[in-house]
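**Q** I am attaching a structure below and will ask some questions about it afterwards.
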Amino acid sequence: MEEKGKQTKGKVRSIIANLVLVDVDGPISQNEICYIKLGNTPLMAEVIKVAEPTAYVQVFESTRGLSVGAEVEFSGHMLEVTLAPGILSRNFDGLQNDLDKMEGVFLKRGEYTIPLDEEKKWDFKPLAKEGDNVAAGSWLGEVTENYQPHKIMVPFKLLGNYTLKSLANEGSYTIKDKIAVITDKEGNDIEVTMMQKWPVKVPIKVFESKPRPFRLLETGVRTIDTLNPITEGGTGFIPGPFGSGKTVLQHALSKQAEADIVIVAACGERANEVVEIFTEFPELDDPRTGRKLMERTTIIANTSNMPVAAREASVYTAMTLAEYYRQMGLKILMLADSTSRWAQALREMSNRMEELPGPDAYPMDLTAIISNFYARAGYTYLNNGETGSITFIGTVSPAGGNLKEPVTEATKKVGRCFYALSQDRADSKRYPAVDPIDSYSKYLEYDEVKEYLNKNIHENWMDNIELVKDILIRGRESSEQIDILGDDGVPIDYHISFWKSEVIDFVILQQDAFDEIDASTPIERQRYMLDKVLEIYRTRFEFDSFEDVAQYFKRLINELKQMNYSKYDSDKFKEHEKQLEQIMEERKVA
Amino acid sequence: METQAFQKIYTRITNITKATCSLKAAGVGYEELAIVHGKLAQVVKVIGDDITLQVFGGTEGIPTNAEVVFYGKPPSLKVSESLSGRFFNSFGNPIDGGPDVEGEEREIGGPTVNPVRRKQPSELIATGIAGIDLNNTLVSGQKIPFFADPDQPYNQVMAMVALRAKADKIILGGMGLTNDDYLFFKNVFDNAGALDRIVSFVNSTEDPPVERLLVPDMALTAAEYYAVDKNQSVLVLLTDMTLYADALAIVSNRMDQIPSKDSMPGSLYSDLAKIYEKAVQFPEGGSITIVAVTTLSGGDITHAIPDNTGYITEGQLFLRKDTDVGKVIVDPFRSLSRLKQLVIGEKTREDHPKVMNAAVRLFADASNAKTKMENGFDLTDYDERTLDFAKEYSEKLLAIDVNIDIDEMLDTGWYLFNKYFTKAEVGLKEELVQKYWPEEEGLEEKRQKEKTGSEA
């Protein structure tokens, strides 16, 4: 990839916002990175179209003040990220600049930083031994990054097989120190450090196979784990109109999900939301490890007021970092908020290039771009028999809340879990506003997932989930009937059926993301509460009038909610449970 | 902004549309300013030596042999303390008859604040309006628009919020402001004795629409001066952002860009985000809070302008008339302050979040009961009670003419719960009920009495 030889140069010919046309004097490649000189400031840009002798480049900065004739230097490589220990806990922009290293309150144009710490020494432990056969991705050794093992691997760019000629001893090294020498078939020696580079738009594919995902990824969010679970290595997406709680839900996932590493791409969204992560994550504990959440998190921030072209880069940068950690046998959760902003960035550029537009003026290949991106997630068997996974969840911000728009439609074709946020639920403050009936998890159709859930949660789990979904649908039907025919125009059973579904809604589906205890529910507790509400469902109650039904069920719900707010199995929890049983006795029919 | 002696004068315009004109020129920088036939213009496209200029004042009367002079710099504003108390047009020139402002010249629409240099907003902005403070609490560094139909009193409410907010500076960016509204703001601020802490940039309905495009950037450049250089808390009022977006659509249309939804340019989201994201809280104490107005047509929030706005801003305040009580209220369903979680129950009383949610939920029950009633069904006792509750809740808390402090709002909430509902119906956390449920006779006591009465 690194071609030496004469560097291609060019001159600016035209400027239309951040699309710049450059006349070039030599070979260039699609997606090659170049730098446009605005006085002494280099503006980074990417080739997105070539029409000899002109390169169309999208500039990752504002082009204000740029004029025709400005000089351009081509770098000879695509947009790359630096992969080495020290990525975790950092706040990068979409081009992997370390935001903390930048000076001043405002982001200056043309300021590019070294993403990682080149001075810091890492305690290296060899894992391989001299004479081993190695290939791209082979684990040579490991360092400890925060509290997790970080594998040092043969660079992914090296094709073919090699022999490990020498390997550094246990000791402290910087990411630029030589830690190994490997020899290819022709006998050429190649030096390896702890650092390597990789082009973000190319998937890292040094693994054995990608089976269908089968393990549950616990998120602590009941409406996801219980009703429509996502798997380790699965894909999901959350479309919803503004104000329906997309971001709160994503933050809940990033805090609670059972992942080794969380990579958050804040793509074209609000800066204050990123600040929330910067501020809170260093303080919050990861309940599974007791460490701070920030220690397992990396943020790629390209907020909505940062340059549009870098928005597109940001999701690829984040995905590449996720792939790097997956190669170490870790469980990665990657979140992107929001993929619609990325699609809009593509639309802006396509529009400036005067391409023929597809639906809603989006580029014609939008579906293909989204599919290719989602395909980079997955559960993976690595070449050494270990496993690693990337679970990807993106949010979609459909224009006008209309789920028939192109980005939602394109995502629907690839995202296996669909968490539809409903305006109605949000309006009545039923959070999280995930619609239990419209949403789905395709993974529930996988035999291996069914088997896993029944084995690991409860033998009747799948049956119970089916039942819960039926109850919810019947509840909605009853509610519609009551609305049409009036409270006393329907049999009391309709009211009972409706209120039994309300119990599930209030106790299982609704969850208070801001309550210390209710925010996250471990799967064992979810099972317990589900059994409770199903017990209520299976109990026959007797009522004289429909008015009694609502009153009675509200009391049941109140006790169950108090249970949700109490520490699991605590005295308070049990006390409310006792209360609940007493209330149930009042109307129980044998 | 006088022209300088060495500047080259061009006199051959090749193309004129209603908002733009083109000519051949060399060495021109992107986004730099020019004067075309005495009118200010900005470079929006450079194709080789073909330069396209967006003429802010409109192109009416521009001849093909008009004089064109380039400034060599983008639009700018001179900033200093002497901006305070002054009124300017879209170009930053005084319109109050006062002298020009001396100070440091700054490019408008400047760079983005590094997200890691921001601080998480945490200062509550109290307005006395319960529909805002109780249900949709504002926080400094927030950006939030009023979504309102043109017949709602949004400018009045905004002025009220501005004056009660206790900001060091208030910056008004008026776009397509009618002369009457301009005078309204001027009078309100004057009467409140607040004129010396207000800076205004006004594009009125009499001015050409494209000029408006400069107003938000002018206002925010002044805001950044006070917030960054002087560490002051600044409140920026932008009214009406719908007219701003319309001006964007005009320009993009004249430049033959493919429109996306509702004839708006495909870059609308980024264009609006660039403005709203200037809202910030700095660790040093300075802050910029943006309260804007986005007028709707017939309450339609799915139109591209409110829709994109809603995705950018940290919530929205939705005004509507409640015909049951005959007052304009802040709609609790469609309004939202995303940052309220940072202050409610933290800077305000612990029961704030739960009281807020419970009241809104009961209000929702009332609206279901209303639908039932309208469809001719019998109402249950609970339905009747929710309707009574809703009326009093609307009048005592949601109406925009309420002016009480937050503790009083919460007490009112508990008072209403007690009056109309049982504890189980409200369903609040037990600790809170024990602490705050009013002693006075409420529904439960009344029922108890009736029961014992009938038994006796």
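**Q** If the cut-off is a Cα-Cα distance under 20 Å, which aspartates and glutamates reach residue B:8, setting aside same-chain residues fewer than 8 apart in sequence?
**A** Within the straight-line cut-off, residue B:8 pairs with B:31, B:32, B:49, B:50, B:67.
**Q** Mind ranking A:384-395, B:264-275, B:292-303 by how tightly packed they are, going by the mean number of other C-beta atoms within 10 angstrom, highest first? Spell out each step's value before the answer.
**A** Details: A:384-395: 22.4, B:264-275: 24.1, B:292-303: 18.7.
For the peptides A:384-395, B:264-275, B:292-303, the packing ranking is B:264-275, A:384-395, B:292-303.
**Q** Another question, then. Dipole size in debye (nearest 20) for the range A:9-78 around its Cα centre, Lys and Arg Cβ +1, Asp and Glu Cβ -1? If you can, show how the numbers build up before the last one.
**A** Numbers: 6 positive and 8 negative charges, 40 e Å.
It comes to approximately 200 debye.
**Q** With +1 on the Cβ of every Lys and Arg and -1 on the Cβ of every Asp and Glu, and nothing else charged, how large is the dipole of the range B:106-214 about its Cα centre, in debye rounded to the nearest 20? All intermediate terms of the calculation are to be shown ahead of the outcome.
**A** Numbers: 11 positive and 13 negative charges, 147 e Å.
Here the range B:106-214 has a charge dipole of around 700 debye.
**Q** Between A and B, buried accessible area summed over both sides at probe 1.4 Å, in Å² to the nearest 100? List each step's numbers first, then the result.
**A** Details: alone 25940 and 20540 Å², together 39960 Å².
Accessible area lost upon association: around 6500 Å².
**Q** Between helix A:246-256 and chain A, what is the angle of the helix's C-alpha long axis to the longest principal axis, kept within 0 to 90° and rounded to the nearest 10?
**A** Approximately 80 degrees, to the nearest ten.
**Q** Work out the mean other chain Cβ neighbour count within 10 Å for the residues of B:115-126 and drop it here as an integer.
**A** Details: counts 19, 13, 9, 8, 4, 7, 3, 1, 0, 0, 0, 0.
Rounded to a whole number, the mean comes out at 5.
**Q** Related question: To the nearest 0.05, what FRET efficiency results for residue A:130 and residue A:41 with a Förster distance of 41 Å applied to their C-beta separation? Present the calculation step by step, with values, prior to reporting the outcome.
**A** On the way: r = 48 Å, r/R0 = 1.16.
Computed FRET efficiency for residue A:130 and residue A:41 comes out at 0.30.
**Q** Calculate how large, on average over all directions, the projected area of the Cα convex hull of the range B:76-341 is; give the answer in nm² to one decimal. Before the final figure, lay out each step's value.
**A** On the way: hull surface 55.7 nm².
Computed as one quarter of the Cα hull surface, the answer is 13.9 nm².
**Q** Would you kindly derive the ³J(HN,Hα) couplings of the range A:187-198 from the backbone phi angles with the Karplus curve 6.51 cos²θ - 1.76 cosθ + 1.60 (θ = phi - 60°), listing them in order in whole Hz, with x for Gly and Pro?
**A** x, 7, 8, 10, 8, 10, 10, 7, 10, 9, 10, 8
**Q** While we're looking at this one, here's another question. Please turn the phi angles of the range A:363-370 into ³J(HN,Hα) values with the Karplus equation 6.51 cos²θ - 1.76 cosθ + 1.60 (θ = phi - 60°), one per residue in order, whole Hz, x for glycine and proline.
**A** Each residue's phi maps through the Karplus curve to give x, 4, 8, 3, 4, 5, 5, 5 Hz.
**Q** Over the heavy atoms of residue A:172, what accessible area does a 1.4 Å probe trace out, to the nearest 10 Å²?
**A** Approximately 60 Å² of residue A:172 is accessible to the 1.4 Å probe.
**Q** What's the FRET efficiency of residue B:17 with residue B:69 using the Cβ-Cβ distance as r and R₀ = 22 Å, to the nearest 0.05? Each step should come with its number before you reach the end.
**A** Details: r = 21 Å, r/R0 = 0.93.
It comes to 0.60.
**Q** A further question follows. Ranked by accessible surface with a 1.4 Å probe, highest first, in what order do A:251, B:37, A:150 come? Intermediate values should be presented prior to the final figure.
**A** Values: A:251 20, B:37 90, A:150 0 Å².
Per-residue accessible area, sorted high to low, gives B:37, A:251, A:150.
**Q** Show which lysines lie in cross-link reach of residue A:455 when reach means a straight Cα distance below 28 angstrom and same-chain residues fewer than eight apart are skipped.
**A** Of all the lysines, those that pass the test against residue A:455 - Cα under 28 Å, at least 8 places apart if same chain - are A:210, A:255, A:331, A:442, A:469, A:500, A:532, A:567, A:574.
**Q** Follow-up question, since we're still on this one. Could you rank B:348, A:279 by how accessible they are, 1.4 Å probe, largest area first? Working shown, then result.
**A** Numbers: B:348 20, A:279 55 Å².
Sorted by accessible area, descending: A:279, B:348.
**Q** Something else: Averaged over peptide B:266-276, how many Cβ atoms belonging to another chain are found within 10 Å of each residue's Cβ? Spell out each step's value before the answer.
**A** Numbers: counts 13, 9, 2, 11, 12, 1, 2, 10, 5, 1, 4.
That works out to 6 on average.
**Q** Given an 8 Å cut-off on Cα distances and at least 6 residues of separation, report the relative contact order of the range B:9-70 as a percent. Each step should come with its number before you reach the end.
**A** Working: 142 pairs, mean separation 26.6, N = 62.
For the range B:9-70, the relative contact order is 43 percent.
**Q** Let me ask another. Report, to the nearest 10°, how far helix B:241-254 tilts away from the longest principal axis of the Cα atoms in chain B, using its own Cα long axis and a range of 0 to 90°.
**A** Between helix and principal axis, roughly 40 degrees.
**Q** What residues have an amide H closer than 5 Å to that of residue A:14, excluding those fewer than 5 places away on the same chain, when H is modeled at 1.01 Å from N in the peptide plane?
**A** The list, which skips near neighbours in sequence, is A:21, B:48.
**Q** Moving to a separate point now. HN-Hα J couplings of the range B:81-90 from phi, Karplus 6.51/-1.76/1.60, θ = phi - 60°, integer Hz, Gly and Pro as x?
**A** For the range B:81-90, the Karplus curve yields 4, 6, 5, 4, x, 10, 10, 10, 8, 4 Hz.
**Q** Could you list which residues have their amide H under 5 Å from that of residue A:382, counting only those 5 or more apart in sequence or on another chain, with H placed in the peptide plane?
**A** Close amide H contacts, sequence-distant or interchain: A:208, A:387, A:388.
**Q** On to the next question. Using a 1.4 Å probe and ignoring any ligands, DNA or RNA, find the accessible area of residue A:376 and quote it in Å² to the nearest 10.
**A** Its heavy atoms expose roughly 10 Å² to the probe.
**Q** Calculate the spin-label point distance for residue B:323 paired with residue B:166, positioning each point 7 Å from the Cα along the beta-carbon direction, and give it in nanometres.
**A** So the two model labels end up 4.1 nm from each other.
**Q** Note the angle between two axes, namely the Cα long axis of helix A:339-352 and the longest principal axis of the Cα atoms of chain A, as a number of degrees from 0 to 90, rounded to the nearest 10.
**A** 50
**Q** Restricting to bridges with both residues inside the range B:76-341, how much of the DSSP beta-bridge set is antiparallel, in percent to the nearest 5?
**A** Details: 16 of 45 bridges.
Around 35 percent of the beta bridges assigned by DSSP in the range B:76-341 are antiparallel ones.
**Q** Over chain B, what is the relative contact order in percent, taking alpha-carbon pairs closer than 8 angstrom and at least six residues apart? List each step's numbers first, then the result.
**A** On the way: 896 pairs, mean separation 72.2, N = 456.
Reported relative contact order: 16 percent.
**Q** From the square roots a ≥ b ≥ c of the eigenvalues of the alpha-carbon gyration tensor of the protein assembly as shown, which class results: rounded (a/c under 1.5), prolate (a/b over b/c), or oblate?
**A** Cα axes put the protein assembly as shown in the oblate bin.
**Q** May I pose another question? Sorted by mean Cβ packing within 10 Å, highest first, what order do the peptides B:94-104, B:48-58 take? It would help to have the intermediate numbers written out before the result.
**A** Values: B:94-104: 11.8, B:48-58: 21.1.
Listed from highest to lowest mean packing, they are B:48-58, B:94-104.
**Q** For residue A:448 and residue A:353, what is the calculated FRET efficiency with R₀ set at 51 Å and r taken between the beta-carbons, to the nearest 0.05? If you can, show how the numbers build up before the last one.
**A** Details: r = 45 Å, r/R0 = 0.88.
The value I calculate is 0.70.
**Q** What's the extension gain from residue B:24 to residue B:156 if we count 0.36 nm per residue and subtract their Cα-Cα distance?
**A** 42.7 nm
**Q** Determine the per residue accessible area of the range A:461-589 with all protein chains present and a 1.4 angstrom probe, expressed in square angstrom.
**A** Values: 5900 Å² over 129 residues.
Dividing the accessible area of the range A:461-589 by its residue count gives 46 Å².
**Q** Before anything else, pin down the relative contact order of chain A: Cα pairs under 8 Å, at least 6 apart, normalised by residue count, whole percent.
**A** On the way: 1220 pairs, mean separation 71.4, N = 590.
Once normalised by length, the contact order is 12 percent.
**Q** How compact is the range A:122-197 by the rule of thumb for globular proteins, expressed as Cα Rg over 2.2 N^0.38 Å? Before the final figure, lay out the partial values.
**A** Numbers: Rg = 11.6 Å, N = 76, 2.2 N^0.38 = 11.4 Å.
Normalised Cα radius of gyration, the range A:122-197: 1.02.
**Q** Separation between the residue B:443 and residue A:569 pseudo-spin-labels, each 7 Å from Cα along Cα→Cβ, expressed in nm?
**A** Once both label points are built, they end up 3.8 nm from each other.
**Q** Return the calculated 222 nm mean residue ellipticity for the protein assembly as shown, to the nearest 500 deg cm²/dmol, obtained by summing -39500 (n - 2.57) across DSSP H runs with n ≥ 4 and dividing by the residue count.
**A** Working: 26 runs with 321 residues, N = 1046.
Result for the protein assembly as shown: -9500 deg cm²/dmol, rounded to the nearest 500.
**Q** Subtracting the Cα-Cα distance from 0.36 nm times the residue separation, let me have the gained length for residue A:30 to residue A:123 in nm, one decimal.
**A** Numbers: separation 93, 0.36 × 93 = 33.48 nm, distance 3.96 nm.
Gain on extension, residue A:30 to residue A:123, equals 29.5 nm.
**Q** Set Lys and Arg Cβ to +1 and Asp and Glu Cβ to -1, take the dipole of the protein assembly as shown about its Cα centre, and tell me which of B:268, B:428, B:339 lies farthest positive.
**A** Ranked along the dipole, the leading option is B:268.
**Q** Tell me the per residue accessible area of the range B:9-70 using a 1.4 Å probe; a whole number in Å² is fine. Could you put the intermediate results ahead of the total?
**A** Numbers: 2440 Å² over 62 residues.
Heavy-atom accessible area per residue stands at 39 Å².
**Q** Considering every pair of different Cα atoms, what Kirkwood radius, in Å, is found for chain B?
**A** Details: mean 1/r = 0.0411 Å⁻¹.
Answer for chain B: a Kirkwood hydrodynamic radius of 24.3 Å.
**Q** Starting from 0.36 nm per residue, how many nanometres of slack lie between residue A:455 and residue A:375 once their C-alpha separation is accounted for? Walk me through the numbers before you get to the answer.
**A** Details: separation 80, 0.36 × 80 = 28.80 nm, distance 2.83 nm.
Difference between extended and current length: 26.0 nm.
**Q** From the square roots a ≥ b ≥ c of the eigenvalues of the alpha-carbon gyration tensor of the range A:362-452, which class results: rounded (a/c under 1.5), prolate (a/b over b/c), or oblate? Don't skip to the answer; put the middle values down first.
**A** Working: a/c = 2.56, a/b = 1.38, b/c = 1.86.
Oblate is the answer for the range A:362-452, as a/c is 1.5 or above yet b/c matches or exceeds a/b.
**Q** How crowded by other chains is B:377-387, given as the mean number of beta carbons from other chains within 10 Å of each beta carbon?
**A** Working: counts 8, 4, 2, 7, 2, 4, 3, 0, 0, 0, 0.
For this peptide, the per-residue mean of nearby foreign Cβ atoms is 3.
The values are calculated or read from the model by the stated rules, or taken from the named source; none is laboratory data. Computed from a prediction, not measured in an experiment: that's the story for all the values here. Note that each Cβ is placed from the backbone with ideal geometry, even for glycine, and that neighbours are counted across all protein chains shown. What goes into the accessible areas is simple: the full protein's heavy atoms, side chains included, and nothing from ligands, DNA or RNA. Shrake-Rupley method; radii C 1.70, N 1.55, O 1.52, S 1.80 Å.
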